[in-house]
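A.B. asks: Just dropping this structure here.
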Amino acid sequence: MSAPATTLPPARLTGLMPFLRRYPLVAIAGVILAAIVLAAVFAPLMGTRDPTSMSPLQRLRPPSDAYWLGTDHLGRDVWSRLVFGARVSVIVGLAVAALSVGLGLVIGLVAGYIRWLDAIVMRIMDGLMAIPGILLAIALVSVSGASLWTVIIAIMVPEIPRVVRLVRSVVLTVREEPYVEAAVSVGTKLPLILIRHILPNCIPPLIVQATYVAASAMLTEAILSFLGAGTPPIIPSWGNMVAEGRLLFQIQPWNLLWPGIALAVTILSVNVLGDGLRDRLDPKLAKRM
Amino acid sequence: MLRLIATRVLSTIPVMGVVALIVFFMLRLSGDPAAILAGDTASSEQVERIRVSLGLTRPVYEQFFGWIVQLLRFDLGTSLFTGLPVTTLIAQRIEPTAMLALTTIVFSVLVAVPMGVLAAWKSGGWIDRLVMVFCVLGFSVPVFVMGYFLIFNFAINLRWLPVQGYTSPFVDFGRFISQITLPTLTLSFIYIALIARITRASVIEVLGEDYIRTARAKGQIELKVLFRHALKNAAVPIVTVIGLGVALLIGGVVVTESVYNIPGLGRLVVDAITRRDYPIIQGLILFFALVYIVLNLIIDIVYTLVDPRIRY
């Protein structure tokens, strides 16, 4: 983690603006994401109507002044559902990223530093990693019943091992550093060593990891809803919209395409932002990817 | 060498044990398993009957070890909806899934490896950038969006290929190929992105080595330098990712089979969710985890046989 200064790319030595000029895609991704988050927060002010109100007489209408993106098979406004659906994706992305990084950090720090715990914790993580994430999430949702919180927890659980492994690998390198040995030798207490000396080394790769977790969480939420094991159908989410849109896909493909495009653009932006952060915060990892 | 293989095989036992523990307690952590299995409309007598028939009245450790013994006899339980053993259902549905996985892996490797090598060779150039853009897209576009995009263009608009369905290659090979093409392309997208990215990264690293310079200096043609000298030495991380990517593939299979209406294991999971047929979900998780663990075990052992640099 402590790369000699000579190997750092010039971007790190200069400010944010030159970095964004060098990576214009990152800037664009940031703007798109900001727009999506703002739209999600201020959804009622975005020219929307009630995303759940049905008007059977207005079913499957093409885009018009009243319905910007047309209506779905129940006569609901697609634009409103799209904007309110952003809320679900944003909430799931942020919540899963924050929770899995938080929990993974604690588990990884402790496992990496306390050797006897390491073997046990890592076996549990190996077991969790061996179960395909989507299947584990499906199973968790199907036993606990569908709600936004169940979905968040179900997506979070399979993400934890990845974070734990990352944190542990950092801890294992850092714990041999002279400054940690020095802290140990002067009798610094364990929690203090972990928080003051080891934690700061984990932060840059974790920020990068958090963006990837957020992207994959949004993707998994959409897949779960699409399969009927995700966000309850009554909540407008992009995954639910795709699931409903597929019924009449051959007649009116747009109802499936809009949420699909929204998902792809959002996840793409998060991934591009993650790559940008990686290049800036974690040059060693950037070289390996 | 034999001892080494034996150690690796033995080391998978605790992982399988943990998987079994997770699957076992998942149903119990979320409340009364009998009530979950019975569904929302069941009466209390029905719930009680399920509880007794599943042995849920016994102590938990007894239940767990009983279940493990059952698993060791390849008994994954019985489907609540059809009454058939889960292993029978898996055997009935495995062919389409195995075929889809196979065509996807073969196609992805054939496309992704040359793509990654080319990107590494022209690192920083426009080909490299194009490959990287493709990789980011591959990780960002949801499988079902890709699926419907392909169906819309190639099946509905151009009418080149059928919209959905599956025919066994042993029945009608031509039909099999026409029906499996779109699902394979759909599922390959993310897998190609994954493999191409790692191939690019590990070939770039190898291209800086002395033996590559030597090969070039002795006048070896560039194609041979890339594919014989560089790719061979960069193979370990690439093969590792192909193995680890199987987890991603399994998730993708579930979605792809739903989009293309393929009667495989993925459909079995989705149908089980709607019917709350928990033994099937449990059985399939165990089955997929086993496939994943065994596959990665084989890859691990093959390394040690093929690459003399790896010694445990």
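Quick note: the coordinates plus some simple rules give every number you see, no bench work behind them. Here the structure is a predicted model, which means the values were calculated and not measured. A quick note on method: Cβ atoms are made from the backbone with ideal geometry, for glycine too, and the neighbour counts reach across all protein chains shown.
A.B. asks: Specify which residue in the list A:V92, A:M218, A:L20 is farthest towards the positive end of the charge dipole of the protein assembly as shown, using unit charges on the beta carbon of Lys, Arg (+1) and Asp, Glu (-1), about the Cα centre.
C.D. replies: In the protein assembly as shown, that residue is A:L20.
A.B. asks: Taking the convex hull of the Cα atoms, report for the protein assembly as shown its projected area averaged over all directions, in nm².
C.D. replies: Values: hull surface 131.5 nm².
Answer in nm², one decimal: 32.9.
A.B. asks: Quick check: residue separation of A:I120 and A:V265 times 0.36 nm, minus the Cα distance between them. What number comes out in nm? Spell out each step's value before the answer.
C.D. replies: On the way: separation 145, 0.36 × 145 = 52.20 nm, distance 4.00 nm.
Extra length from A:I120 to A:V265 when fully extended: 48.2 nm.
A.B. asks: Can you compute the charge dipole magnitude of chain B about its Cα centre, using +1 on each Lys and Arg Cβ and -1 on each Asp and Glu Cβ, nothing else charged? Give it in debye, rounded to the nearest 20. Please report the intermediate quantities before stating the final value.
C.D. replies: On the way: 25 positive and 18 negative charges, 199 e Å.
Rounded to the nearest 20 debye, it is 960 debye.
A.B. asks: Another one. Using the Cα atoms of region B:54-151, I'd like the radius of gyration and the largest Cα-Cα distance, Dmax, both in angstrom.
C.D. replies: Rg, Dmax (Cα atoms, Å): 22.9, 67.
A.B. asks: Once you place label points 7 Å from the Cα toward the Cβ at A:A66 and B:W160, how far apart are they in nm?
C.D. replies: My value for the distance between the label points is 4.1 nm.
A.B. asks: Still on this structure: More than 25 angstrom separation, counting every C-alpha pair in region B:205-312; what % is that? Present the calculation step by step, with values, prior to reporting the outcome.
C.D. replies: On the way: 2696 of 5778 pairs.
Of the Cα pairs, 47 percent sit more than 25 Å apart.
A.B. asks: Here is a further query. Using only the Cα atoms of region A:165-289, what semi-axes does the equivalent ellipsoid have when each is the square root of 5 times a gyration tensor eigenvalue? Give whole Å, largest first.
C.D. replies: Those come to 44, 16, 9 Å.
A.B. asks: Hey, another quick one. Take every Cα pair under 8 Å in chain A that's 6+ residues apart, average their separations, divide by the length, and report that relative contact order as a whole percent.
C.D. replies: Details: 392 pairs, mean separation 66.5, N = 289.
The value is 23 percent.
A.B. asks: Report the gain in length on full extension from A:L247 to A:D50: 0.36 nm times residue separation, minus Cα-Cα distance, nm rounded to one decimal. Write out the running numbers ahead of the final one.
C.D. replies: Numbers: separation 197, 0.36 × 197 = 70.92 nm, distance 2.25 nm.
Here the segment from A:L247 to A:D50 would lengthen by 68.7 nm.
A.B. asks: Please work out the FRET efficiency for the pair B:A217 and B:V69, using the Cβ-Cβ distance as r and a Förster radius of 51 Å; give the result to the nearest 0.05.
C.D. replies: Efficiency at R0 = 51 Å is approximately 0.20.
A.B. asks: Could you give log10 I(q)/I(0) at q = 0.07, 0.08, 0.13 Å⁻¹ for chain B, computed by the Debye formula over C-alpha point scatterers of equal weight, without solvent?
C.D. replies: Normalising to I(0) and taking log10 leaves -0.38, -0.49, -1.07.
A.B. asks: Anything in chain A that counts as a DSSP H helix reaching 24 Å or more along its axis (C-alpha) with Kyte-Doolittle mean of at least 0.5? List them, would you? Can you show the working numbers first?
C.D. replies: Values: long enough: A:24-41 (26 Å, 2.81); A:78-113 (51 Å, 1.82); A:148-174 (38 Å, 1.61); A:199-227 (40 Å, 1.29); A:254-281 (39 Å, 0.81).
Going by DSSP H runs, the hits are A:24-41, A:78-113, A:148-174, A:199-227, A:254-281.
A.B. asks: Mind checking the dipole of region A:25-288: about its Cα centre, +1 per Lys or Arg Cβ, -1 per Asp or Glu Cβ, Debye to the nearest 20?
C.D. replies: Details: 20 positive and 15 negative charges, 49 e Å.
Charge dipole, region A:25-288, about its Cα centre: 240 debye, nearest 20.
A.B. asks: Build a GNM of chain A with springs between Cα atoms under 10 Å: which of A:V92, A:V78, A:V31 gets the top mean-square fluctuation?
C.D. replies: Answer for the Gaussian network model of chain A: A:V31.
A.B. asks: Something else about it: Could you check the spin-label model distance between B:E62 and B:L4? Points 7 Å from the Cα along Cα→Cβ, value in nm.
C.D. replies: Result for the modelled spin labels: 4.7 nm.
A.B. asks: Restricting things to alpha carbons, tell me how big region B:8-60 is in terms of Rg and Dmax, in Å.
C.D. replies: 14.8, 49
A.B. asks: To continue, here is another question. Looking at the calculated P(r) for region A:25-288, what percent of the C-alpha pair distances fall above 22 Å? Numbers along the way, then the final one.
C.D. replies: Working: 21175 of 34716 pairs.
Cα-Cα pairs in region A:25-288 separated by more than 22 Å: 61 percent.
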